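Shown next, in C-alpha cells, is the structure this report addresses.
The values are calculated or read from the model by the stated rules, or taken from the named source; none is laboratory data. Source: prediction; values computed, not measured. Side chains are part of the model used for accessible areas, which takes the heavy atoms of the whole protein and leaves out ligands, DNA and RNA. Shrake-Rupley method; radii C 1.70, N 1.55, O 1.52, S 1.80 Å.
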Amino acid sequence: MTDRFIFRFVAAVSVFVFLVVFILSLKILPRPAVVPSFAIFLPKLNAILNGTCTVLLLLSLYFIKQKKVTIHKRINIIAFILSSLFLVSYILFHYLTPETRYGDINGDGAVSATELAAAGGMRTLYFCILIPHIVLAAVVLPLILLSFYRGLQMQVEKHKKIVRWAFPIWLYVTVTGVIVYLMISPYYHF
C-alpha cells in the first residue's frame, strides 16, 4: 500500500464518520417509535469504553517508555478496537434515542427558565468541556488512523511525529468522554 492510498483511505473514513455523526446530530433520520430497551445501557457502555481507553493509553505510554514495543503495540490494538466499538455504540445511541439536553430535568426536550436556573454554572461548564471534546474527537480520528498505520508498519519516526499530537488529543477525548457522561447522565429520560 502506498502512502497516497493510506492518506485517501484515512480521509475517506474520517469524512464518512464525521458525516454520519453530523447527520445524526441534525436528527433528520427517522428513529424507531419506541427506544429499544438496550439503548439505556449504551451511554454507560460508552463511558466504560472511554475510561478503559484512558487507562490503556496511559499503559501504552508507560510501556513504550520502557522500550517494550510488543506490549505497547498490543495495548494500542486493544485501545483501537475499544475505540471502534465506542464509535459504533455512540452512533447507535444517537440514532435510537431522542436528544438529551443538559438541565432538562422533566425530560420534555426543552430547558425551561427554571431548569436553566437550577443547572446554573454547571451547564456552562458542561458545554466548556463538551465543545472541545466534540471538536477534538473529530480531529483525532485521522491522527489515530495514521499513527496506528505507521506504528504497525514500524515506521517509528513517522509514528512518533503523529503520536506527539494524537496521544494527548486522544487522551483528552477519552477522559472528557467520561466526564461528559457523568455530567449528562442525570438528564437521560428514556
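List of remarks:
- Helix axis angle, 121-152 relative to the chain longest principal axis, alpha carbon, degrees: 30
- Accessible area per residue (1.4 Å probe, heavy atoms of protein chains only) ranks Val178, Val55 as Val55, Val178, with the largest value leading.
- Expected 222 nm ellipticity per residue - DSSP helices of 4 or more, -39500 (n - 2.57), all of the chain, to 500: -26500 deg cm²/dmol
- Counting all C-alpha pairs of region 1-157, share separated by more than 29 Å (%): 32
- The chain: most fluctuating residue of Thr54, Thr70, Thr174 per GNM, C-alpha cutoff 10 Å: Thr70
- Each residue of region 56-61 was assigned a 3J(HN,Hα) from its phi angle through the Karplus curve 6.51 cos²θ - 1.76 cosθ + 1.60 (θ = phi - 60°); the sequence is 5, 5, 5, 5, 4, 4 Hz, with glycine and proline shown as x.
- Computed log10 I(q)/I(0) for region 107-156 at 0.13 Å⁻¹: -0.54, from the Debye equation with unit scatterers placed on every C-alpha and solvent omitted.
- 3J(HN,Hα) along region 89-106: 5, 4, 5, 4, 4, 6, 7, 7, 10, x, 5, 9, 10, 5, x, 6, 5, 8 Hz, from the Karplus curve 6.51 cos²θ - 1.76 cosθ + 1.60 with θ = phi - 60°, whole Hz, x for Gly and Pro.
- Nearest-10 value in Å² for the accessible area of Leu59, using the 1.4 Å probe: 70
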